[in-house]
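Novice: I have a structure here, written as structure tokens, and I will follow up with some questions on it.
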Number of protein chains: 4
Amino acid sequence: MTRSVLSTLATAALISLGHAAAAQPADQVGRSPWGPADEIGALNKITPASTLAVLGRIRSGQVYDLSVEYFVGMPSYYVLGQPRYQIWNVHTPQGTIVDDPNGLGKEKNSHVTYSGSAISMYVHTGTHIDALSHFGLGGLIYNGLRTDEHLGDRGWRRGGIEKFPPIIARGVLLDIARHKGVEVLPPSYGITVDDLEQAAAAQGVTLEDGDVVMVRTGRMQWFRDADRYMRDTPGLTRESANFLADRGAIVIGVDNISTDVGPSQEADNWVPVHSAMLSQRGVPIMQNVNLEQLAADRVHQFAWIGAPLKLRGADGAPMRPIALPIR
Amino acid sequence: MTRSVLSTLATAALISLGHAAAAQPADQVGRSPWGPADEIGALNKITPASTLAVLGRIRSGQVYDLSVEYFVGMPSYYVLGQPRYQIWNVHTPQGTIVDDPNGLGKEKNSHVTYSGSAISMYVHTGTHIDALSHFGLGGLIYNGLRTDEHLGDRGWRRGGIEKFPPIIARGVLLDIARHKGVEVLPPSYGITVDDLEQAAAAQGVTLEDGDVVMVRTGRMQWFRDADRYMRDTPGLTRESANFLADRGAIVIGVDNISTDVGPSQEADNWVPVHSAMLSQRGVPIMQNVNLEQLAADRVHQFAWIGAPLKLRGADGAPMRPIALPIR
Amino acid sequence: MTRSVLSTLATAALISLGHAAAAQPADQVGRSPWGPADEIGALNKITPASTLAVLGRIRSGQVYDLSVEYFVGMPSYYVLGQPRYQIWNVHTPQGTIVDDPNGLGKEKNSHVTYSGSAISMYVHTGTHIDALSHFGLGGLIYNGLRTDEHLGDRGWRRGGIEKFPPIIARGVLLDIARHKGVEVLPPSYGITVDDLEQAAAAQGVTLEDGDVVMVRTGRMQWFRDADRYMRDTPGLTRESANFLADRGAIVIGVDNISTDVGPSQEADNWVPVHSAMLSQRGVPIMQNVNLEQLAADRVHQFAWIGAPLKLRGADGAPMRPIALPIR
Amino acid sequence: MTRSVLSTLATAALISLGHAAAAQPADQVGRSPWGPADEIGALNKITPASTLAVLGRIRSGQVYDLSVEYFVGMPSYYVLGQPRYQIWNVHTPQGTIVDDPNGLGKEKNSHVTYSGSAISMYVHTGTHIDALSHFGLGGLIYNGLRTDEHLGDRGWRRGGIEKFPPIIARGVLLDIARHKGVEVLPPSYGITVDDLEQAAAAQGVTLEDGDVVMVRTGRMQWFRDADRYMRDTPGLTRESANFLADRGAIVIGVDNISTDVGPSQEADNWVPVHSAMLSQRGVPIMQNVNLEQLAADRVHQFAWIGAPLKLRGADGAPMRPIALPIR
């Protein structure tokens, strides 16, 4: 049997498994169609061929920067006690003269002017991607890995974000706020499957297998006002997120703090989209993606390029993805 | 006068200024040819046209990941008291059951399995890029910005890394270690202009204006042994770095801890390459770039794509650049 | 001349200098009567003799704990971007089994059950004392030390809190809230000299030279509600603080977030009590001192014992002082 | 039955239980004689009466400071990846002028000179005390508390250091280094019961029930050289620590990094003194206690006064204990 036949069979199997995954009980983690050793789920769909294909369609060198800035006071998950973003000076020109840390003396340290800063942050801060390990169900994470076996004190021995490859794929923008004719979706609004389908149709977007899907609520316009930005966020629901996964999304990103609607509309699950995507479907999700410029320019198809920092063992990582318009 | 004529004149002016900059006294910061408001130096050479041009030359979807992993115990600047990389768990599945931070109770927190980690680091850790503000001369940074006017307690009000655009440019690899026939360049070896020119010739590389230049010492092979990796590092010298800047490099990255040779070979300057590139030439430099796979595959020309985290005010930032072979 | 005569002369000189200090312009730092090398101000009044004297008066072994607990979400100065208190697990029993950091293997790490936590905090968090370097005037701190000469990147080369000795002295409680017949002083209430004098008289307290003076506003009762606790705090004014310094107080502590009234009642100075006490009088001040039990038991005179952590270079430090009733 | 008779019976019961505890199997945690709710073990022996008694014996106001300073580069447990001590500036005078964080403008921020620092540390750094929860056996800590039930993500819900009262007790110094006639005990030397008994006899010390016992190895003299200080530390053994607990020690402190001998002399337990004292006997232990001045002055009996920071949930805390000579 040739490689291509095998590949076709594998694809058929994946489609079948994909449907099975969608239909599985809400309270169990998904098993990867890529085998028991898999830690990256839908990102397996990225291949050199898919990468080259999308890069070959780039029609403009106009780079869209999809990341927010990191600054003290920025919105972040802190209601459960998580540490907020901090930056501080480790070395300053004046401090270096005073301290003489390198032993070179006042004159040489006055000549060479040194500054160096440090940061600390919850990894789910700013524009970032969640590893599949970020949320699980019943003590397991995606693909059946046991938390008590694989989660150490420096993060995950398996399922860490460092396993994520650089992501280059076709990206699409579904601008739900514009489609609904509002600046920002209403508080706690749950985006429906209809919203997604109709926005896609209106905006000329056909969802394809392997897409990175960017969903715009408009909330990013409130990013400078942390409390307002974070409260009662509109977002995806389990149903609409599953719809995107069914259509083949390999990453789903939203311009809000949590991808999910806040507060949760499900009594038994405070983060149903996280549960469905990370734990069951193996689809990484992103938060705080800045889609404003893409939306302003009505760019709905693009080469999406991003690579999370390889923080060994982390259940997510900041990243600065970019988009370039494609044919 | 047409735009293209103006552009030609501007280019001539830049070349002239470039030479002037190279010839300027060793103890003064450079002035940007892009005007008094400029904070990004040579990165100004990146344009939509240059971006589209290099992306159009990509010949393979094989992605080379140029970043190291971040982990506790990794090499980092700590000899001057800088904080080392740390990662810790903020939320664990078991801790969430015990603490009930969201008030949902034991049952629901046993169902939804939550983990979340946090990090802290000196921004000059792992694969990262230096902002031009990282090193200055005589109390000024590049383009004459005063440190006592622009450096606040949360980093730089001007000259911070968040000003850096995503970087897409032609990249080249100069594999000095292979050219010299060694696994790793000798301790404290200063790469010469001859080394660069001969390696380029031998490896079929012609340096072009606007290149991101990757220089390989081989040290990355010692990355897992932090003390060995950091001690007496081979690297560029002021002369060889200036040579690359003269040839039009917009970023220079090395697979060592400091770009510079360690310890410094200049009596009056402990970081001459930092001084020359950041403070005088406006050329950002990178450290700890992982060039091993490019070198193994003898890929010497590539589309180089990377975007530092937009840490407002920071004098550098981690990033995870990638390379894709070009025609 | 005998030691005791010298001592008497010195005391007279100090009193004279004390008055001079009180009368000095509001915009200049004070000079220490203990000489140009002094970094601890009024704490110089503590001697073995004064220490033994107060300890000899202890009449009860009932220990009053004057410190609050440190916990995530506690009140702290964060409105200017300061980092909030954090605690996290570095080692857990389960993580130690998973990670095997000591290489002993699963069995031995299951036998010996290891946990270890870490903290981070602004040093002015919880019950703490300010070093005299915490606030200065016009680029100088108390005793004329130049900030640009003595403040390095790891804190103060001179004037750091590690210079403070353990403090054992007579302590007194002035319960202003009770004297005014309220649970808590009104928001932004500035305690007057009259308040202090009348409360002292009513509560049988005579202020003595060398006292640690505890002033109760009642705000500590709101400590669990961080926002309420911190907003519009009642406190001392420049006048009432100077009155206590004039009477010989060597430390002044208040059961509020800032000793000062919040917001400041002086147009040109946002922390007049800090300025007056730390910068001009050389009297350390304390915040968030828990006086509830002393107040409930109406204990107004006590041996006050406390020692700030010796954080080299810090401009303040947490401490857990205690009080024991004296005759 | 009168209170005193009840007390006598209780004491007899405790002695009996103490012996039982000493004889219990090496692999099980101890049960507290103070009942199932107890979290502080031997510290229960501190009473107002015992406190008043020792304070009444103070014969000198000479205060001995038993704490080390905290500074970047200080010795600390880091071999297992624990974070090292850090201090940094959050506010500086110059940064406050540049940033204007309070919105008061350049003039007012030039007038009031503000500095503020922050710290981070593993709680077992510098002079500190271990909570009983720091080490357990078989998934339990002292008194049978289950780690999976009581250890949350912000430390211990039960068994945290905030439960420790201020400690005032008779303290004794057993100067083993001097008794053996050496500056510093040999590397990895395990102090024997004979050493303790003979040193006590030679130094005129009779161990009493309720003592805080300070054991001097001499290692503190190497504190400035972190690597030397930490390597192959001399210390107590399970036997000699149990001997001190049998004699009624309520706290045991050593002038080394770990109380224990390093590396461990027991094949199955890497921290036998921690296991024996914290997990089985309920006796808190201390590390990095500075006994140099007491030793120099040959002060062997003192009032020992100290109070750990009340870090809620922490398994240990820094403290700055003091000693005052007693009759």
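The values are calculated or read from the model by the stated rules, or taken from the named source; none is laboratory data. Only a predicted model underlies this, so the values are computations on that prediction, with no experimental measurement involved. Here the Cβ positions follow ideal geometry from the backbone for every residue, glycine too, while neighbour counts run over all protein chains shown. What goes into the accessible areas is simple: the full protein's heavy atoms, side chains included, and nothing from ligands, DNA or RNA. Shrake-Rupley method; radii C 1.70, N 1.55, O 1.52, S 1.80 Å.
Novice: Quick one: would you say B:D315 is within 14 Å of chain A (Cβ to nearest Cβ), open to solvent by less than 10 Å² (accessible area, probe 1.4 Å) and under 19 Å from B:D194 (Cα atoms)?
Specialist: Numbers: within 14 Å of chain A (Cβ to nearest Cβ): yes; open to solvent by less than 10 Å² (accessible area, probe 1.4 Å): yes; under 19 Å from B:D194 (Cα atoms): no.
Criteria not met by B:D315.
Novice: Does B:V271 satisfy being out of contact with any helix residue (DSSP H, G or I) (no Cβ under 7 Å at 6 or more places or on another chain) and modelled with pLDDT of 95 or more?
Specialist: Considered against the rule, which asks whether it is out of contact with any helix residue (DSSP H, G or I) (no Cβ under 7 Å at 6 or more places or on another chain) and modelled with pLDDT of 95 or more, B:V271 comes out as yes.
Novice: Could you please let me know if B:D175 is in contact with a helix residue (DSSP H, G or I) (Cβ under 8 Å, 6 or more places away or on another chain) and among the charged types (D, E, K, R)?
Specialist: Working: in contact with a helix residue (DSSP H, G or I) (Cβ under 8 Å, 6 or more places away or on another chain): yes; among the charged types (D, E, K, R): yes.
Yes; evaluated as a whole, the condition is true for this residue.
Novice: Right, here's the next one. Considering (1) more than 22 Å from D:S76 (Cβ to Cβ); (2) open to solvent by 40 Å² or more (accessible area, probe 1.4 Å), say which one B:R84 fails and leave the rest.
Specialist: Answer for B:R84: the failing condition is (1).
Novice: For C:V54, state whether it is at pLDDT below 95 and either outside any loop (DSSP other than H, G, I, E, B) or facing chain D (nearest Cβ under 9 Å) (or both). Before you say what the answer is, go through the steps one by one.
Specialist: Working: at pLDDT below 95: no; either outside any loop (DSSP other than H, G, I, E, B) or facing chain D (nearest Cβ under 9 Å) (or both): yes.
Taking the combined requirement at face value, the residue does not satisfy it.
Novice: Can you tell me which residues in the stretch C:225-275 are part of a loop (DSSP other than H, G, I, E, B), within 19 Å of C:P75 (Cα to Cα) and in contact with a Gly (Cβ under 8 Å, 6 or more places away or on another chain)?
Specialist: Correct list: C:R231, C:D232, C:T233, C:P234, C:D255, C:N256, C:S258, C:T259, C:V261, C:G262.
Novice: Have a look at D:G95, D:G139 and point out the one that is farther than 30 Å from D:L294 by Cα, crowded, with 21+ Cβ neighbours inside 10 Å, in contact with a strand residue (DSSP E or B) (Cβ under 9 Å, 6 or more places away or on another chain) and not polar (S, T, N, Q).
Specialist: D:G95
Novice: To continue, here is another question. Quick one: in the stretch D:98-109, of everything that is open to solvent by 30 Å² or more (accessible area, probe 1.4 Å) and under 12 Å from C:G138 (Cβ atoms), which residue is farthest from the chain's Cα centre (by Cα)?
Specialist: D:E107
Novice: Restricting to the stretch C:280-312, count the residues that are polar (S, T, N, Q) and either open to solvent by less than 10 Å² (accessible area, probe 1.4 Å) or more than 19 Å from C:Y64 (Cα to Cα) (or both).
Specialist: Going through the stretch C:280-312 one residue at a time, the tally reaches 3.
Novice: Still on this structure, please answer the following. Return a yes/no flag: does the stretch A:77-90 have any residue that is assigned to a loop (DSSP other than H, G, I, E, B), within 18 Å of B:G316 (Cα to Cα) and within 21 Å of the chain's Cα centre (by Cα).
Specialist: Going through the stretch A:77-90, the residues assigned to a loop (DSSP other than H, G, I, E, B) turn out to be A:77-85.
With the extra rule that they be within 18 Å of B:G316 (Cα to Cα), the set shrinks to A:85.
Of the ones still in play, those that are also within 21 Å of the chain's Cα centre (by Cα) are A:85.
Yes, that holds for at least one residue.
Novice: Follow-up. Within the stretch B:40-52, take every residue that is in contact with a Ser or Thr (Cβ under 9 Å, 6 or more places away or on another chain) and open to solvent by 40 Å² or more (accessible area, probe 1.4 Å) and give me the one that is nearest to B:Y85 (Cα to Cα).
Specialist: B:N44
Novice: Going through D:G152, D:G159 one at a time, which residue ends up being assigned to a strand (DSSP E or B), at pLDDT 95 or above, within 14 Å of chain B (Cβ to nearest Cβ) and open to solvent by less than 30 Å² (accessible area, probe 1.4 Å)?
Specialist: Values: D:G159 fails: assigned to a strand (DSSP E or B).
Checking each option against the conditions leaves just D:G152.
Novice: Among the candidates D:T47, D:T51, which residue alone is farther than 21 Å from D:A276 by Cβ, β-branched (V, I, T) and without any contact (Cβ under 8 Å) to a residue 40 or more places away in the chain? Outline the logic, then answer.
Specialist: On the way: D:T51 fails: without any contact (Cβ under 8 Å) to a residue 40 or more places away in the chain.
Answer to the check: D:T47.
Novice: I'd like to know if the stretch A:168-182 contains one or more residues that are open to solvent by less than 10 Å² (accessible area, probe 1.4 Å) and either closer than 29 Å to B:V90 by Cβ or among the acidic types (D, E) (or both).
Specialist: yes
Novice: From the list D:V68, D:V112, D:V90, which residue is out of contact with any strand residue (DSSP E or B) (no Cβ under 9 Å at 6 or more places or on another chain), surrounded by 17 or more Cβ atoms within 10 Å (Cβ to Cβ) and either within 13 Å of chain B (Cβ to nearest Cβ) or modelled with pLDDT of 95 or more (or both)?
Specialist: The match here is D:V68.
Novice: Picking from A:T206, A:T217, which residue would you name as being among the hydroxyl-bearing types (S, T, Y), closer than 19 Å to A:L294 by Cβ, open to solvent by less than 10 Å² (accessible area, probe 1.4 Å) and at pLDDT 95 or above?
Specialist: Being among the hydroxyl-bearing types (S, T, Y), closer than 19 Å to A:L294 by Cβ, open to solvent by less than 10 Å² (accessible area, probe 1.4 Å) and at pLDDT 95 or above holds for just one of A:T206, A:T217, which is A:T217.
Novice: Report, by residue number, each residue of the stretch A:176-224 that is more than 24 Å from A:I322 (Cα to Cα), touching a Ser or Thr at 6+ places or on another chain (Cβ under 6 Å) and assigned to a helix (DSSP H, G or I).
Specialist: The answer is A:V193, and nothing else.
Novice: Residue by residue through the stretch C:93-109, note down the ones that are at the interface with another protein chain (Cβ under 7 Å from one of its Cβ atoms) and within 14 Å of D:D268 (Cα to Cα).
Specialist: C:N102, C:L104, C:K108
Novice: Right, here's the next one. Filter the stretch B:253-279 down to residues that are over 20 Å from B:T192 (Cβ atoms) and over 12 Å from the mean Cα position of the chain (by Cα) and give me whichever is least open to solvent (accessible area, probe 1.4 Å).
Specialist: Ranking the qualifying residues of the stretch B:253-279, first place goes to B:S279.
Novice: Also, quick follow-up: Could you check, for the stretch B:231-244, whether at least one of its residues is under 19 Å from B:D175 (Cβ atoms) and among the charged types (D, E, K, R)?
Specialist: For the stretch B:231-244, residues under 19 Å from B:D175 (Cβ atoms) and among the charged types (D, E, K, R): absent.
Novice: Right, here's the next one. Report yes if C:T192 is over 28 Å from C:Y70 (Cα atoms), surrounded by 15 or more Cβ atoms within 10 Å (Cβ to Cβ) and among the polar types (S, T, N, Q), otherwise no. Give the steps one after another, and end with the answer.
Specialist: Numbers: over 28 Å from C:Y70 (Cα atoms): yes; surrounded by 15 or more Cβ atoms within 10 Å (Cβ to Cβ): yes; among the polar types (S, T, N, Q): yes.
Here the answer is yes, as C:T192 does meet what is asked.
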